[in-house]
Amino acid sequence: MDEIVLRSMLKWPDVPSVYGWLALDRRGAWLVKGVSGAFGRIANEALVDFIGRNYACDAAGRWYFQNGPQRVFVSLEYTPWVWRLDDSGVRLVSHTGADAGALRAGFLDESGALVLQTALGVGVVSDRDLAAVAARVPEPVARGEAAECALLGARVLVAPIRSADVASRFGFVPRPAPAPGEPEC
């Protein structure tokens, strides 16, 4: 996290958290709720970078952006990370620009989305890079069978998964809510 964020957390330790105002879509875009109640894409690159540098997860599996002393919990359209291929086309990076690290496993859901578990965590491959990555997934997986394959420089098992099971399988909360008794803004 940014030094200024860490200092503000020490200065103001009891600021209530925010829920329902920030979201992450399946393409890795940050969305903020507007005055009309509709979500719109955050286009300011400095703000996008700030959110990405201060994005983390609590012990309950709720992902948040630490905005100074205040936690702004993130509603996840699918997974906490969204993967894309780097410019070389052989390495995964996240929507925040962080390196995904070693590939551990792959999962193909019923809609054809590819969910990859890496050293950094679990994320969905952005639809922009899905064709390039999924072309390396063996045919038996598309038929609902698990199969080992060479994917992005690693030999991993790729198995089918139901999209409804992804959050519970990987221990994250797609729609964070306050804990009982927790104050919120």
- Please work out if Pro138 is surrounded by 13 or more Cβ atoms within 10 Å (Cβ to Cβ) and farther than 26 Å from Ser88 by Cα. no
- Here the residues within region 119-168 that are aliphatic (A, V, I, L, M) and more than 25 Å from Asp99 (Cα to Cα) are Val141, Ala142, Ala146, Ala147, Ala164
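Conditions (1) assigned by TED's automatic domain parsing to the domain that holds Leu85; (2) under 16 Å from the mean Cα position of the chain (by Cα); (3) within 20 Å of Pro183 (Cα to Cα); (4) surrounded by 16 or more Cβ atoms within 10 Å (Cβ to Cβ), marked per residue:
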| residue | (1), (2), (3), (4) |
| --- | --- |
| Val18 | no, no, yes, yes |
| Ser36 | no, no, no, no |
| Phe39 | no, no, no, yes |
| Ala43 | no, no, no, no |
| Asp49 | no, yes, no, no |
| Arg62 | no, yes, yes, yes |
| Phe65 | no, yes, yes, yes |
| Gln70 | no, no, yes, yes |
- Is it true that some residue in region 96-105 is of a type outside the set (Ser, Thr, Tyr) and touching a helix residue (DSSP H, G or I) at 6+ places or on another chain (Cβ under 9 Å)? yes
- Query: Of all the strands (runs of 3 or more DSSP E) wholly in region 98-155, which have at least 1 residues that are among the aliphatic types (A, V, I, L, M) and over 23 Å from Glu77 (Cβ atoms)?
  - Reply: 147-151
- Message: Whether any residue in region 127-138 is out of contact with any Leu (no Cβ under 6 Å at 6 or more places or on another chain) and over 23 Å from Pro80 (Cα atoms) is what I want to check.
- Response: yes
- Task: Name the single residue, out of those in region 65-93 being of a type in the set (Lys, Arg) and part of a strand (DSSP E or B), that is nearest to Val166 (Cα to Cα).
- Result: Arg84
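The values are calculated or read from the model by the stated rules, or taken from the named source; none is laboratory data. Because the structure is a prediction, the values reported are computed rather than measured. Cβ atoms come from the backbone with ideal geometry, glycine included; neighbour counts cover every protein chain shown.
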